[in-house]
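The values are calculated or read from the model by the stated rules, or taken from the named source; none is laboratory data. Every value quoted in this text rests on a predicted model; they were computed, and no experiment measured them. A quick note on method: Cβ atoms are made from the backbone with ideal geometry, for glycine too, and the neighbour counts reach across all protein chains shown.
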Amino acid sequence: MQDKQTIVKRFQPVRQEAPKPITDDGKNKGKSFYTYQILDRQEAIDSKLKLLHGSFFGKPIQKFDVGRVRDVWVPYCYLQYHFYVERHVMFRKKGLDREGEVAVVFDMNEMHPFQYDYYESGELNLGKGKIDDGSKTILKCSNSFHDVEEKAIDHIQFKIMKRFYGKNGDLTLTKRKRFYRPAVELEIIYKGEHSNLRYAYLDEFAVKSEHILGLKYRVDNNF
């Protein structure tokens with residue numbers, strides 16, 4: 001007769017091996033990944049300024065002047081991770097495990113990540129080619145990919161893993177893709193002296209209410 005422990009062990013769930021990391025920054029032969037411009041430049045600027053002004057019963061509540069205006073490519077990074085997390089359940093030696101894919105889009109200019117609904121939106125719709133034709137200034141990023149990935153992982157653990165599963169998960173980078181978004185950089189000057197930069201984006205994300213910034217993330221959470 002077979003040992004009872006051997007039989008039980010045979011039917012315990014086996015964790016699948018995570019995919020090996022794949023990175024592609026689109027820098028071969030001077031080419032870069034980018035999102036497509038689909039918005040009218042002036043309409044995008046007007047929409048951004050209206051948003052910055054705000055309103056109170058139809059009247060502006062923020063007064064400012066616009067200084068320098070220039071067309072730019074803003075650096076971003078798409079990072080996708082394979083996650084595995086096991087949730088311990090009372091009276092069960094083996095907890096309930098979950099694994100899948102989770103993704104973030106990282107603004108490398110302002111150094112902050114946003115959740116990206118990979119399951120709903122699929123792969124980013126990116127073009128690939130030379131963008132240094134002089135029509136737009138390519139914004140430089142002085143931060144390393146190590147800094148980017150560190151912040152991205154912290155965001156995933158805190159905003160997704162702990163939120164849905166109550167604990168950190170094991171994360172393995174499966175895809176990393178640097179890309180650029182077309183935008184108009186606006187110098188906003190408050191009270192004649194305090195200035196900062198804002199960006200009116202010209203790609204499809206701006207059309208979809210900045211879907212790239214959306215906090216919609218669907219996971220299988222039926223415990």
Being over 16 Å from the mean Cα position of the chain (by Cα) and of a type in the set (Ser, Thr, Tyr) is the filter; apply it to segment 119-151 and report the residue that is farthest from residue 176 (Cα to Cα).
135
Tell me, yes or no, whether segment 180-198 has at least one residue that is within 23 Å of residue 39 (Cα to Cα), without any contact (Cβ under 8 Å) to a residue 24 or more places away in the chain and in a loop (DSSP other than H, G, I, E, B).
no
Looking at (1) in a helix (DSSP H, G or I); (2) modelled with pLDDT of 90 or more; (3) not aliphatic (A, V, I, L, M), find the lone condition where residue 177 falls short.
(1)
Is one or more of the residues making up segment 57-71 at pLDDT below 90 and under 23 Å from residue 154 (Cα atoms)?
no
So, in segment 8-54, of the ones that are assigned to a helix (DSSP H, G or I) and on the phi > 0 side of the Ramachandran plot, which residue ends up modelled with the lowest pLDDT?
29
Which residues, counting only those in segment 63-78, are surrounded by 13 or more Cβ atoms within 10 Å (Cβ to Cβ) and farther than 20 Å from residue 141 by Cα?
64, 66
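Yes or no, residue by residue, for (1) at pLDDT 90 or above; (2) aliphatic (A, V, I, L, M); (3) closer than 17 Å to residue 73 by Cα:
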position: 136; (1), (2), (3): yes, no, yes
position: 143; (1), (2), (3): no, no, yes
position: 148; (1), (2), (3): yes, yes, no
position: 152; (1), (2), (3): yes, yes, no
position: 155; (1), (2), (3): yes, no, no
position: 166; (1), (2), (3): no, no, no
position: 173; (1), (2), (3): yes, yes, no
position: 182; (1), (2), (3): yes, no, yes
position: 190; (1), (2), (3): no, no, no
Residue 85 is checked against (1) under 28 Å from residue 198 (Cα atoms); (2) touching a Phe, Trp or Tyr at 6+ places or on another chain (Cβ under 9 Å) and fails just one. What number does that condition carry?
(1)
So which residues in segment 99-134 are out of contact with any Asp or Glu (no Cβ under 9 Å at 6 or more places or on another chain) and assigned to a strand (DSSP E or B), if there are any at all?
101, 102, 104, 105, 107, 112, 115, 116, 127, 128, 129
Taking interchain pairs and intrachain pairs at least six residues apart, which have beta carbon atoms under 7 angstrom, with the first residue in segment 108-133 and in contact (Cβ under 8 Å) with a residue 12 or more places away in the chain and of a type in the set (Lys, Arg) and the second surrounded by 11 or more Cβ atoms within 10 Å (Cβ to Cβ) and in a loop (DSSP other than H, G, I, E, B)?
128/26; 128/31; 130/31
